[in-house]
Amino acid sequence: MEYVTLNNGVQMPVLGYGVYQIPDHEECERCVLDAISVGYRSIDTAQAYRNEEAVGRAIKKSGVAREEFFITTKVWISNAGYERAKASLKESLRKLQLDYLDLVLIH
């Protein structure tokens, strides 16, 4: 995998796997596990995709160390503002079964 170094020194894979339009949780989990097994380490999801839990289960099941992943999620526009964004990100972390996110975007 090739990486690009961001301004903050974090390395981000140049190729990522997105889970947009994979609402079925079993299918999403399987797809993410397959992507991880062939080398993907950047996974892109969003609150609006309603599949963060499936992504989290796949990451956990993969056996790959968290530090090897670059995980992106997106805050839905209705969760804009400090308090709403903070609460929604806590929920995303819970669903993803993660302690931190590598990139958060406003959707």
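The values are calculated or read from the model by the stated rules, or taken from the named source; none is laboratory data. What you see is a predicted model; the values in this text were computed from it and never measured. When we count neighbours, we look across all protein chains shown, and the Cβ atoms used for this are built from the backbone with ideal geometry, even at glycine. SASA here: full protein model, heavy atoms, side chains in, ligands and nucleic acids out. Shrake-Rupley method; radii C 1.70, N 1.55, O 1.52, S 1.80 Å.
Overview of results
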item	result
Beta bridge orientation in the chain: antiparallel %, DSSP, nearest 5	25
Contour minus Cα-Cα distance for Val64 and Glu26 (0.36 nm per residue)	11.7 nm
Hydrodynamic radius (Kirkwood) for the chain, which is based on Cα pairs only, to one decimal in Å	14.0
Two-site FRET efficiency, Asp102 against Ala80, from Cβ-Cβ distance with R₀ of 25 Å, rounded to 0.05	0.75
Sequence-separation-based contact order of the chain, relative, with Cα cut under 8 Å and 6+ spacing, percent	24
Heavy-atom SASA rank of Lys86, Lys60, Lys74, Lys95 (probe 1.4 Å, accessible area, largest first)	Lys60, Lys86, Lys95, Lys74
